[in-house]
Each structure stands twice: as structure tokens, then as C-alpha cells.
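Every read-out reported here was derived from the displayed coordinates using simple, explicitly stated rules and does not represent laboratory data. Everything numeric here is computed off the predicted structure, so don't read it as measured data. A quick note on method: Cβ atoms are made from the backbone with ideal geometry, for glycine too, and the neighbour counts reach across all protein chains shown.
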Amino acid sequence: MFLEVSTILITIILLIIIAYFRKKLSKMKIYREALNKLAQLIEEEKDSPPLYIAEKIRKKITKLEEENYDLELSLKNHLTILNNIVDPIIITKKDGTITFANNEARKITRPGIEERKVYEVFEDYYVNQMFDETINNKSLTSGEINIFVNGEKKYYEVKIVPVTLEQNNERFIIVLHDVTQERVLENVRKEFISNVSHELRTPLTSIHGYAEALLEDDLEDKELIRKFLSIIESEAARMTRLINDLLDLEKLESGNTQFVFEKINFTEVLEHVRNIIEPLAKDYQVEVEFVYPDELYLVGDKDRLTQMTLNLVDNAIKYTSLKEKGKKKVTVEAWKENNSIKLVVKDTGVGIPEKAQKKLFERFYRVDKARSRKMGGTGLGLSIVKTIVEKHNGVIEFTSKEGVGTKFVVTLPINREEDNNETV
């Protein structure tokens with residue numbers, strides 16, 4: 001197309017020159033031949049008038065310019081589409097030279113990806129192996145790789161598609177689909193199943209062992225029987241707590257739990273928790289102090305907020321009781337601050353090691369597994385607390401120092417934007 005335009009432009013220049021000298025050259029054979037060649041080029045009859053030929057050429061040039069503009073616009077549109085595709089796309093020649101990479105591909109590879117080889121861009125050997133396999137087999141090849149993007153490990157499903165263009169030109173399209181979230185969820189699921197299996201195996205083993213011992217015993221020693229039955233009852237209760245917490249957490253996270261948001265006095269929640277917790281604190285020899293005003297109104301689910309507060313205070317008392325020396329005290333404070341309610345549960349307990357603090361809200365995570373199980377913990381309490389806080393559009397934070405104590409701070413908005421009654 002561009003060669004044809006150049007030919008026409010040169011011909012027009014010749015035509016102008018010839019037209020300028022047409023009086024002197026009108027009888028010359030070269031002038032007539034030039035006009036006839038122009039007529040032939042634009043598919044007109046010989047001996048057509050010069051002005052008619054010039055007008056036809058002008059229209060031809062205008063049409064070619066319009067077609068060229070449409071072609072450039074179409075190319076830009078296709079590039080825009082490719083650059084807005086969320087999956088990284090790379091196009092290469094047969095020798096592995098990259099001729100195109102969309103924006104997403106540039107984000108996960110090295111700078112200046114165009115004109116580089118595939119093996120220079122991807123450090124993962126498997127990509128290069130797939131590329132060679134696609135060239136040899138002339139068929140689609142797929143696989144999965146993991147690469148580090150900005151220091152984060154990412155998983156990608158890779159497909160390499162061979163394409164044959166006109167004049168037997170070959171191109172290879174590399175498409176990468178991010179499957180990181182799926183792999184993370186899969187690992188979480190595997191870890192969850194492993195944790196549940198482990199948590200249930202221990203009490204089941206105890207129950208089975210002591211029940212078997214009772215069956216083989218002559219049942220004359222009532223004190224021993226009572227001891228074994230007490231252990232069986234304790235382990236069964238532990239399994240019940242675990243299963244109940246699992247079901248509760250699953251309902252909270254899946255949105256199958258009915259939350260009734262209404263205007264409540266948070267002070268009543270604190271009073272209720274105080275009545276439950278004081279006998280426990282006395283048994284554990286831990287001093288508990290509650291500080292709160294008579295009225296702390298907010299929109300929330302009273303039962304769930306009670307569960308949240310009770311869990312935090314219960315944990316504080318139990319872990320403070322483990323402290324061997326020093327004062328054993330738990331302080332529970334609440335007050336209104338701007339448009340929110342602040343709840344602070346502070347203890348002087350054993351504290352949380354710094355390396356364990358990042359995982360504190362994870363399911364089944366325990367700072368000290370042996371001591372937590374001994375106190376009846378399931379490792380799900382803080383996960384449930386965090387979920388309840390988030391369902392109230394709140395925030396939970398904590399600070400802790402090993403051997404000094406831990407402080408949890410819960411911030412709950414007084415009013416929620418959602419409807420007062422909803423299922424979450």
C-alpha cells in the first residue's frame with residue numbers, strides 16, 4: 001500500500017512538471033505516454049484529459065490516507081485491548097525473541113522485555129522447556145510456575161500457543177494466569193484439615209485409651225473408675241468446645257449467622273461478663289477490675305459482643321494466672337471516644353513472644369500449645385473475636401511484651417451504615 005502511494009506521488013510530481021511544460025511538450029511522445037501510464041494506474045482509458053486524471057489521483061490519495069488512518073487506529077485499539085487484559089501476555093518469534101508484551105507482563109518481568117529472549121526474561125527453567133516443547137510439537141503447551149514479583153511469591157498457570165501467520169511466519173503467544181489466591185486457599189484448606197485432625201486425634205486417643213482400660217478392669221476400684229471417667233468427660237467436653245467453635249467460626253466467616261443489630265447499652269454487656277468472670281478470676285487468683293460509665297450506647301449485636309468481650313477477658317485471666325511472680329491483675333475499661341466505643345482489656349500476664357504476634361489471630365494458632373490445651377483452649381477464640389469485631393465494622397489491635405503483659409484495644413463505631421437487622 002505504501003509503495004503504491006509513493007508511486008502515485010512521484011507520478012503526480014511528474015505530471016505537474018509535464019503540465020507546466022505542456023505547451024512546449026504537447027506534441028512530444030513522452031507527454032502522451034506519461035498521461036497514458038497515469039490513466040492505466042488509476043484504471044482509466046487512454047487519452048483521458050489531464051485534469052480528469054489529476055482529480056482521480058487526488059481522490060485515490062485521499063482514500064489511501066483514510067485507509068491508512070483506519071489501519072493505524074485499529075492497531076492502536078488492539079494494543080489498548082491487549083494492554084488492558086488482566087493476564088500477562090507475551091508474543092515471541094520462533095527463536096524466542098520477544099516482540100510484544102502487554103502492561104501486566106511488564107509488571108512481572110524485568111525492564112525492557114521487548115527484543116530480549118524468553119530465557120533471559122524467565123528464570124524458571126520450566127518456561128524455557130515448555131517453549132522448546134511448543135516449537136517442536138507445534139501444539140499448545142501448558143503448565144504451572146512460581147515466580148517472585150516485588151518480593152512476593154506468585155503462582156501462574158502458563159499456556160504457550162503456536163500461531164502461523166501469512167507467508168509462513170510463526171509467532172508464539174505466552175499467556176500467564178495468576179492462580180496465587182487459589183493455591184493459597186488450597187494450602188489453607190490442607191492446613192485446616194491437618195489442624196482439625198490433629199486437634200481431634202488427641203482427645204479421641206485419650207477417650208479410647210481410658211475406655212479400653214475400664215473395659216479390661218474388674219471395676220472394683222471406684223476411685224480409679226471415677227478418675228478415668230473424669231478424664232473421658234473432660235476430653236469429650238474439649239472435643240465439644242472445638243466442634244462448637246469450628247461451627248461458630250464457619251458460620252461467621254461464610255455469612256450464615258444471623259446478626260441482629262440494634263441500639264444497645266454496652267455497659268450491660270460488661271456487667272454480664274463481669275458476673276460470669278468474677279468466680280473464674282477468684283479460682284485462678286487473679287484480680288479483675290472493671291471501669292466503665294453507666295451508659296455506652298451503640299448499634300450492635302448484644303450476644304455477639306458479649307461473646308467477644310467474654311473471650312478476651314477469659315483469655316486475659318487464664319494467661320495472667322500462669323505468671324509465677326509479680327502482680328496478677330486484669331483491667332477491663334470502656335469509654336466513649338468521638339463516634340466510637342473503646343474497649344481495653346489489659347493484663348499483667350506472661351505476654352506474647354514477638355515472633356508469635358503476627359500469627360495471633362490465625363485459626364488454631366497457640367503461643368504455647370501445651371498450656372493452651374491444658375486450660376481448655378481450642379485455638380479459635382481470637383479468630384472468632386476478630387471476625388465479630390469486623391462484622392461490627394470495628395478494629396481490634398494489641399500490644400504485648402513477654403513477661404510484662406498484653407493489652408487488647410477494640411474500637412467499635414457507635415452507628416453502622418448498614419440496616420439494623422441483617423444476615424452476615
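Within the range 65-150, the GluC sites (Glu not before Pro) that combine a DSSP coil assignment with at most 11 other C-beta atoms in a 10 angstrom radius are Glu115. Highest mean packing first, where packing is the average number of other Cβ atoms within 10 Å per residue, the peptides 217-228, 403-414, 261-272 line up as 403-414, 261-272, 217-228.
At R0 = 60 Å, how high is the FRET efficiency between Glu390 and Glu66 if r is their beta carbon distance? Nearest 0.05 is fine. Result of the calculation: an efficiency of 0.55. Using 0.36 nm per residue and subtracting the Cα-Cα separation, the extra length available between Thr399 and Glu216 on full extension is 60.7 nm.
Separation of the alpha carbons by more than 25 angstrom is noted for no pair of Lys263/Lys336; Lys323/Lys355; Lys325/Lys407; Lys107/Lys159; Lys336/Lys407; Lys358/Lys401.
Over the range 67-209, calculate the relative contact order: mean separation of alpha carbon pairs under 8 Å at least 6 apart, over the residue count, as a percent. Dividing the mean separation by the residue count of the range 67-209 yields 18 percent. The stretch between Ser142 and Lys355 holds 72.7 nm of extra length on full extension. This uses 0.36 nm per residue minus the Cα-Cα distance. Please give the net charge around Leu296, taking every other residue with its beta carbon less than 10 angstrom from that of Leu296, where Lys and Arg add +1 and Asp and Glu add -1. Spelling it out: positives minus negatives among the neighbours equals -1.
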